[in-house]
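The values are calculated or read from the model by the stated rules, or taken from the named source; none is laboratory data. Fair warning: this is a prediction, and the values are worked out from it, not measured in the lab. Neighbour counts are summed over all protein chains in view; Cβ atoms, including those assigned to glycine, are modelled from backbone coordinates with ideal geometry.
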2 protein chains.
Amino acid sequence: MRPGKRDVIVSEVGPRDGLQSIKRTMPTATKIEWIKALAEAGLSEIEVGSFVSPKLLPQMADCGELVAATRDLQDLTVLALVPNLRGAQAAFDVGTPKITMPVSASQAHSKANINRTVEEAVEDVARVNELRNSLSGDYRPGVEIGISTAFGCTMEGNVSEDWVIELAVKLAAAGADSVGLSDTTGYGNPAQVKRLFTRLRSELGEKAGGAHFHNTRGQGLANVVAALEVGVTTFDSSQAGLGGCPYAPGATGNIVTEDLVFMLESMGLKTGVDIDKLVSARPIILSGLPGENLYGHVQDAGLPKGFQYA
Amino acid sequence: MRPGKRDVIVSEVGPRDGLQSIKRTMPTATKIEWIKALAEAGLSEIEVGSFVSPKLLPQMADCGELVAATRDLQDLTVLALVPNLRGAQAAFDVGTPKITMPVSASQAHSKANINRTVEEAVEDVARVNELRNSLSGDYRPGVEIGISTAFGCTMEGNVSEDWVIELAVKLAAAGADSVGLSDTTGYGNPAQVKRLFTRLRSELGEKAGGAHFHNTRGQGLANVVAALEVGVTTFDSSQAGLGGCPYAPGATGNIVTEDLVFMLESMGLKTGVDIDKLVSARPIILSGLPGENLYGHVQDAGLPKGFQYA
């Protein structure tokens, strides 16, 4: 692992966001091998799974095991997604270091995704915060929120920017440690990214969270550049862009970790991540999900002659 | 075609940069059909081919025919690439409205690409300018330069930024109307793009040209955002990212016109281009080059619900 302070945190979401959008289940042992390889490559945050009903997402049923197997890895913060209070309880029961809760800006998406109105989801965050505060001993897990559909909704279309910021303020008041913005639908554009993150940081200060971009329309890294311009320093991404939409072969899922790290390091921003080690971890995915589509450019094009890490 | 002033010029280079990197030759009639469809979609600049030895690039042998067939299309500026004085003469002989000459910042690339030193290439630009000035009548073609390997060279590695700017100044002095910067190798990063174009615009003023980015490492649109930040308003791109490197399936060639136009319009920047018409032109490519790899995202993902042009 490359030493030194990181300028940007690359938060790997492949084991959660990538795998949850693939119908097949990667074997637990393969997931653990993959997560360990990602940590070994220098990633300091990995979202390992989701504490959600195994009836809804059987691919995520082993989340507790994954947390137990990886939470003590050195220099790694293990995250898990929780959709509600029950998920938070399950996460806290196994000592998950940090949870992330999605709260939709769009009512239609909120109903479809977690069967709750947006207002009910905000109340859930407050309850999760109370639960966290009631934990005994030294265990104090982090609670971060990602506002889903913050850049637009496939059902509702445009989402009001004023409302997104109002919602972020409510969520911070409900006790979240940080509130980030997610382009769940791949609708976001760089101008919108600059506007929304500027306001988020101005309204929330220290509680302003990171960016979760998809590359659905090829604009993922462009949105990262826009977010960097206004001071965002945490970005979710997925190794090999795992979880690309099966109905749209070119329309990949999350932004690709390999390409993101290459871009950031080229720009002089330390990520702590070793690109060669990262690329070496790609075959592990295929060992658990034979024939799965993997995305990205850097693994094929290689690093430029004369390339130097930041 | 969508009316109104353009905020950004998208300069289509697929018929030249895309096709020249594919070994097979697209039939001339198909090229003309494709170029007309691109113009109909609202593209106001199209680089239709290259006046280069047909022994070197037989795919480009019909450049004169293409210019003759397309130069009078309404609202379209037809460009052709010329590598040297002989090419310029051929271009002027058929009344090409605008030529673009590549001049490498790297000596090794210059020798490999046009078998000239960089200094000899600068002299060629001066000779081409003299030739242009000697033309009689109303015909006064544009002469623009793209500095190749401005962001790095696969043979030499890093290229000095001071040298790139010095070269740009020499080329402007040699009589070019504008001097742009090309990331021929897909080495560029957004921080470097901002630095170089800031200096180019400061040194060259009105003669500072556009950006030609490749998407070799997935960073193409990110580099566009960086260039927009410092005032660049002309971008080369290729429909369907045509000409992706055959040795690296994920490593596409030029940035994809469809995705670029989507991003710019989403940002509120008028391009004059209709994305649906553009997407409708993709099958023409396959009719002339069956089975060719086409790239891009927007054609698969579709436009966002509620999407509006700038």
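Observations, loosely collected:
- Residue check: A:Lys5 meets all listed conditions (1) surrounded by fewer than 17 Cβ atoms within 10 Å (Cβ to Cβ); (2) under 20 Å from A:Pro290 (Cα atoms); (3) not hydrophobic (A, V, I, L, M, F, W, C) but one, namely (2).
- Leading residue by the ranking (farthest from A:Leu278 (Cα to Cα)) among those in the stretch A:25-48 that are aliphatic (A, V, I, L, M) and assigned to a helix (DSSP H, G or I): A:Ala29
- For the stretch B:253-310, a tally of residues being part of a helix (DSSP H, G or I), facing chain A (nearest Cβ under 10 Å) and either of a type in the set (Lys, Arg) or more than 18 Å from B:Leu221 (Cα to Cα) (or both) returns 0.
- Test set (1) within 14 Å of another protein chain (Cβ to nearest Cβ); (2) surrounded by fewer than 20 Cβ atoms within 10 Å (Cβ to Cβ); (3) aromatic (Phe, Trp, Tyr) - B:Tyr139 fails condition number: (1)
- Residue selection: B:Ile22 satisfies the criterion of being at pLDDT below 95 and among the β-branched types (Val, Ile, Thr).
- All positions within the stretch A:221-241 that are part of a loop (DSSP other than H, G, I, E, B) and within 14 Å of chain B (Cβ to nearest Cβ): A:Val230, A:Val232
- Residue within the stretch B:28-41 that is basic (Lys, Arg), closer than 17 Å to B:Gln239 by Cβ and touching a Pro at 6+ places or on another chain (Cβ under 9 Å) present: yes
- Restricting the stretch A:53-85 to residues that are at pLDDT below 95 and of a type in the set (A, V, I, L, M, F, W, C), the residue that is farthest from A:Thr96 (Cα to Cα): A:Leu56
- Among the candidates A:Ala91, A:Ala68, A:Ala105, residue that is farther than 18 Å from A:Gly243 by Cα, in contact with a helix residue (DSSP H, G or I) (Cβ under 6 Å, 6 or more places away or on another chain), touching a residue at least 24 places away in the same chain (Cβ under 8 Å) and not hydroxyl-bearing (Ser, Thr, Tyr): A:Ala105
- Scanning the stretch B:194-215 for residues being part of a helix (DSSP H, G or I) and closer than 25 Å to A:Lys305 by Cα gives a total of 7.
- Residue among B:Asn293, B:Asn223 that alone is over 30 Å from B:Asp177 (Cα atoms), out of contact with any Ser or Thr (no Cβ under 7 Å at 6 or more places or on another chain) and touching a residue at least 40 places away in the same chain (Cβ under 8 Å): B:Asn293
- B:Val230 over 16 Å from B:Arg16 (Cβ atoms), at pLDDT 95 or above and either polar (S, T, N, Q) or crowded, with 24+ Cβ neighbours inside 10 Å (or both): no
- B:Gly218 falls short on exactly one of the conditions (1) more than 9 Å from chain A (Cβ to nearest Cβ); (2) assigned to a loop (DSSP other than H, G, I, E, B), and that condition is (1).
Residue-wise test of (1) acidic (Asp, Glu); (2) surrounded by fewer than 22 Cβ atoms within 10 Å (Cβ to Cβ).
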{"residue": "B:Glu161", "(1), (2)": "yes, yes"}
{"residue": "B:Thr185", "(1), (2)": "no, no"}
{"residue": "B:Phe197", "(1), (2)": "no, no"}
{"residue": "B:Gly205", "(1), (2)": "no, yes"}
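- Residue satisfying all of: in the stretch A:143-157; in contact with a Gly (Cβ under 9 Å, 6 or more places away or on another chain) and not small (Gly, Ala, Ser); farthest from the other protein chains (Cβ to nearest Cβ) among these: A:Val143
- Per-region count, the stretch B:158-193, residues in contact (Cβ under 8 Å) with a residue 40 or more places away in the chain, away from chain A (no Cβ under 14 Å) and assigned to a loop (DSSP other than H, G, I, E, B): 3
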